[in-house]
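Below is one structure, written out as structure tokens; comments come after it.
The values are calculated or read from the model by the stated rules, or taken from the named source; none is laboratory data. All values reported here derive from a predicted model rather than from experimental measurement. Glycine also receives a Cβ, built like all others from the backbone with ideal geometry; neighbour counts cover every protein chain displayed. The area values use the complete protein model at the heavy-atom level, side chains included, leaving out ligands, DNA and RNA. Shrake-Rupley method; radii C 1.70, N 1.55, O 1.52, S 1.80 Å.
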Amino acid sequence: MSRRQTNAAASKSTAVPGHEFRNPDSKKGSSDPLIFGVSVGFIALFVLGTIIFKSKAREFFSSIAGWLLENFNWMYVGGVSIVFLFLIGIFVSHFGRMRLGGDGEQPEHSTASWFAMLFAGGIGSVLMFFGVAEPLNHVINVPMQDTQPLSREAVREAMGFTMYHFGIHMWVIFTLPGLAMGYFIYKRHLPPRISSIFAPVLGAKIYEWPGKLIDALAIIGTVFGIAVSVGLGALQINAGLAHIFGAPTVAWVQVIIIAIICAIASVSVASGLNKGIKILSNTNILMTVVMMIFILATGPTLLLLRGTMDTASIYAEYLPKIMFWSDSQDVNPGWQGKWTVFYWGWTICWSPFVGMFLARISRGRTVREFIGGVLALPTVFALVWFSVFGFAGLDIEKKQPGSLSGPVVKDGDTAFALFGFLEHFPWVLPVSVFALAIVAIFFITSIDSAAMITDMFAAGEENKTPTLYRILWAVLIGAVAAAILVMAPNDGISTLQEVVIIIGLPFFLINFVMMYSLLRGMHDDYAARPEPVTRQWGRTDSAEKLEEHESRPAPGYDEEGNEYPRFEFDEDGNLVIPGNVRIQGNLGVDGDVDEDPEPVKEKPQYNQDGDLIDDEGRLINEDGELVDEDGNRVDENGVPVDEHGNPVKLTEDDHS
């Protein structure tokens, strides 16, 4: 299909071209029936099935997850690394200069503000849960089984694998859908749904059942991905309450914790984005940084600072040799499924949610800026976080063998790790309560944000549906988390891992189609590139000639460095050259000379929302007539007019 055919198909597939948050297929005030029905129906069946069948359901999920780990662990491992290489290719290619928005569109947020929001995105509940536990586990149960536990090499390998799990590769999984959604939503002004990414492949089918099933799958993945986070959070909060206040570590306590978190998140959802999520997110960031600074200041500060430097070099050393390692020789059976495959399956489930967040804050950024920023900044924060908590935990373990590894590694109580760790620092009780608050806020903000993004996927437009819909999504997330923990009350973490590995499988397959669709879309939209024209230099054998040649403007620029108007092609493929044309030499013409050509059609101009505008920035329709935001004709003063240009008399209903 040619570029013109592709663009024509895309324009025909949108009932209201240029309105990115309008879904022509759904009724006002409701979600799409097919998307909503399939996603809610699947979630409801899962919750009911796990509660009713419990142990049988656990055996069922365990057998499927075991089969996937035995036969497809290589796909989970290799798939993420392939996406990483794909993104690097896009980063260095000519597509890197394209923008997530219209040509020349400036970023919606300043660079400092954008970095701050990416920084917020890099802080997550997983850091609190695994900050101490992961390095500790790996230094005892060495992933590659090629050195002695607690040895220097074991520490290096532990930090290398920890950064592999929480560094660039984790954010690669978020970057791909974020880049694709940012491109198709803000460049092509398609609806804010996952299905929009597949417009180059499906065409108008994105508005029909194939696209809607993709959106339903994205919602299911988001709900389950966040539910696993909430489940881990409930386990960690329960462990903290048990350690501090002696609360029982049982399923019903965890269900109560989930219910309370979901109730608070629902209030936050009802209060709106600015009042709810923003306040909680800002509080979240501040408290987390304070916690890290506290550990750095009251712990072995010099060791932690030096360990941070070491982790950077360890990560650079280990990443190339472990990014495709799938343990084909079974040197450590079961380890990769419990850690790497679980992380990738979990992360890819809620990647549509994080991807949409990344797309929304990155409008106007170039593709190169987006990839570089999203991969680099959260990785830097994760490196510092795991260095501080990881090396502090390992230092405690070396000085007091078994104090942390006993309950965390041997007994498998990963949720206890943070609070057992805090016992070795000053002000144990207030700091532990502070940590509990951080964990709780993490999950409130996760459910809050996920409910709003999920509702957007279902409705095709932001804030289109009543608040009750968003509260429903928050409740469903909590219901899934509770159902998984109730299904296997004595083995919560393993159950969460098995379920998410299964749910994540379809997304790995979709990722390969997503890469093709994004590449094809960029190729179709990108203008043909002529060979670059450069400034020509003569012999430069003196200071005077060097100064003379350097003072000459580059081709396409005047003496002041201003760019001359560029030639372009019109809709009929004719070359249009603005300004005067000077021809040195003879001019040969094959064909007739049109002495009375039609006027050159002006290139359509669009605002940031994709609406047609005139030279003064006013809204117009396809016939060039002034219109209001609803598409009604108006005059120069904004007064509604009929098709003959006569003022329209408004009724009382129109005024209201």
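When you filter the trypsin sites (Lys or Arg not before Pro) in segment 588-637 for DSSP loop state and at most 12 other Cβ atoms inside 10 Å of their Cβ, you are left with Lys601.
Spatial offset of segment 49-127 relative to segment 287-323 amounts to 23 Å, using the alpha carbon center of each. Counting only protein heavy atoms and using a 1.4 Å probe, what share of the accessible area of the chain belongs to carbon plus sulfur, as a whole percent? C and S fraction of accessible area: 58 percent. Relative to the dominant Cα principal axis of the chain, helix 251-271 is inclined by about 30°. Reducing segment 430-507 and segment 163-213 to their Cα centroids gives an inter-centroid distance of 21 Å.
Among the trypsin sites (Lys or Arg not before Pro) within segment 452-540, those in coil by DSSP and having at most 13 neighbouring Cβ atoms inside 10 Å are Arg535, Arg539. Report the calculated FRET efficiency for Phe434 and Asp146 (r = Cβ-Cβ distance, R0 = 56 Å), to the nearest 0.05. The formula returns an efficiency of 0.90 here.
Report the FRET efficiency, 1/(1 + (r/R0)^6), for Leu302 and Val253, where r is their Cβ-Cβ distance and R0 is 35 Å, rounded to 0.05.
FRET efficiency, Leu302 to Val253: 0.30.
Each label was represented as a point 7 Å from its Cα along the Cα-to-Cβ direction; for Ser113 and Lys54 these points are 5.3 nm apart.
Averaged over its residues, segment 379-432 has an accessible area of 38 Å² per residue, based on protein heavy atoms and a 1.4 Å probe. Computed from Cα atoms, the angle from the helix 152-166 axis to the main principal axis of the chain rounds to 50 degrees.
Can you give the extra length, in nm with one decimal, that the chain gains between Gln605 and Ile577 once fully stretched, where that is 0.36 nm per residue apart less the Cα-Cα distance?
That works out to 8.2 nm of additional length.
Among the GluC sites (Glu not before Pro) in segment 526-620, those located in a DSSP loop and surrounded by at most 16 other Cβ atoms within 10 Å of their own Cβ are Glu559, Glu560, Glu571, Glu595, Glu602, Glu616. Candidate cross-link partners of Lys54 among the aspartates and glutamates, defined by an alpha-carbon separation under 17 Å and a same-chain spacing of 8 or more, comprise Asp491, Glu498.
The residues of segment 463-525 present an accessible area of 34 Å² per residue when probed at 1.4 Å with all protein chains retained. In sequence order, segment 498-515 has phi-based couplings of 5, 5, 6, 5, 5, 5, x, 4, x, 5, 5, 5, 5, 4, 5, 5, 4, 4 Hz under the Karplus curve 6.51 cos²θ - 1.76 cosθ + 1.60, θ = phi - 60°, and Gly or Pro positions carry x. Using the rule -39500 (n - 2.57) for each DSSP H run of four or more residues, divided by the residues of the chain, the 222 nm mean residue ellipticity is -20000 deg cm²/dmol. In the context of the full set of protein chains, residues of segment 302-373 present 36 Å² of accessible surface per residue (probe radius 1.4 Å, heavy atoms only). Among the listed values [x] 39.1; [y] 27.2; [z] 34.5, the one matching mean projected area of the Cα convex hull in nm² as calculated from this structure is [x]. What angle, in degrees between 0 and 90 and rounded to the nearest 10, separates the Cα long axis of helix 467-487 from the longest principal axis of the Cα atoms of the chain? Approximately 30 degrees, to the nearest 10. Legend: residue pairs Lys187/Lys464; Lys338/Lys398; Lys56/Lys321; Lys187/Lys649; Lys187/Lys212; Lys338/Lys464, Cα-Cα distance threshold 29 Å; pairs beyond threshold, Lys56/Lys321; Lys187/Lys649; Lys338/Lys464. Toward the positive end of the charge dipole of the chain, with +1 on the Cβ of Lys and Arg and -1 on the Cβ of Asp and Glu, the farthest Cα among Pro248, Thr347, Leu232 is that of Pro248. Taking θ as phi - 60° and the Karplus parameters 6.51, -1.76 and 1.60, the scalar couplings of segment 185-200 work out to 7, 9, 8, 9, 6, 8, x, x, 9, 4, 4, 4, 4, 9, 4, x Hz in sequence order, x denoting glycine and proline.
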